[in-house]
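Novice: Got a structure for you, questions after.
The values are calculated or read from the model by the stated rules, or taken from the named source; none is laboratory data. Since the structure is predicted, the reported quantities are computational estimates derived from the model, not experimental observations. Glycine also receives a Cβ, built like all others from the backbone with ideal geometry; neighbour counts cover every protein chain displayed. Quick note on the areas: whole protein, heavy atoms, side chains included, nothing else; ligands and nucleic acids left out. Shrake-Rupley method; radii C 1.70, N 1.55, O 1.52, S 1.80 Å.
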Amino acid sequence: QVQLVESGGGLVQAGDSLRLSCEASGLSFSDYNMAWFRQVPGKEREIVAAIDWSGVHTQYEVSVNGRFFISRDNGKNTVYLQMNSLKPEDTAVYYCAADSNWGQMVAGVNDYWGQGTQVSVSS
């Protein structure tokens with residue numbers, strides 16, 4: 001019944017921007033911390049950005065800090081990832097995740113996951 005539906009991925013050129021969306025249903029959205037992860041072949045899944053249940057606290061992976069911005073709209077049960085100045089090395093499958101426990105979430109152990117959406121950046 002719980003579902004995280006992602007959208008906004010695609011193929012773009014270096015320097016372009018994308019906005020990923022993840023709409024949640026079947027859970028009390030405002031009770032959950034949310035995060036975006038990404039994974040490329042041959043590499044471990046890594047956390048990209050995280051936001052607490054209230055939207056006050058955020059955290060970013062070093063390589064995206066200053067370029068990516070996470071936000072949420074609890075009225076729409078949606079979390080966003082604004083991706084600016086995209087680089088080829090940002091190419092990955094991006095996953096939306098939710099967990100009521102911050103530590104578990106950033107460790108990659110989440111209650112719920114989205115299906116993943118492909119982001120491809122060409123040079």
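Novice: For the range 1-87, give me every one of the strands (runs of 3 or more DSSP E) that falls completely inside it and has 1 or more residues that are of a type in the set (Phe, Trp, Tyr). Before you say what the answer is, go through the steps one by one.
Specialist: Details: elements: 3-7, 10-13, 18-25, 33-39, 46-51, 58-60, 68-73, 78-83.
Here the list reads 33-39, 58-60, 68-73, 78-83.
Novice: Here's something else I'd like to know. Give the range 107-123 a look and list any residue that's modelled with pLDDT under 95 and open to solvent by less than 50 Å² (accessible area, probe 1.4 Å), or say none.
Specialist: Once the filter is applied, which keeps residues that are modelled with pLDDT under 95 and open to solvent by less than 50 Å² (accessible area, probe 1.4 Å), the range 107-123 yields Gly108, Asn110.
Novice: Something else about it: Any chance you could count how many residues in the range 93-105 are surrounded by fewer than 22 Cβ atoms within 10 Å (Cβ to Cβ) and aliphatic (A, V, I, L, M)?
Specialist: Qualifying residue count, the range 93-105: 1.
Novice: For a quick check of your reading of the model, give me the residue pairs whose first member lies in the range 107-123 and is closer than 24 Å to Pro88 by Cα, whose second is assigned to a strand (DSSP E or B) and of a type in the set (Asp, Glu), with beta-carbon atoms closer than 8 Å and at least 6 apart or on different chains.
Specialist: Gly114/Glu6; Gln115/Glu6; Gly116/Glu6; Thr117/Glu6
Novice: Let me ask you something else. Considering only residues of the range 26-41 that are touching a Lys or Arg at 6+ places or on another chain (Cβ under 8 Å) and crowded, with 23+ Cβ neighbours inside 10 Å, which is nearest to Tyr94 (Cα to Cα)?
Specialist: Phe37
Here's the yes/no breakdown for (1) crowded, with 19+ Cβ neighbours inside 10 Å; (2) over 19 Å from Gly114 (Cβ atoms); (3) touching a helix residue (DSSP H, G or I) at 6+ places or on another chain (Cβ under 6 Å); (4) free of Cβ contacts under 8 Å to residues at least 60 places away in the same chain:
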site	(1), (2), (3), (4)
Val12	no, yes, no, no
Ala24	yes, no, no, no
Glu46	no, no, no, yes
Met83	yes, no, no, no
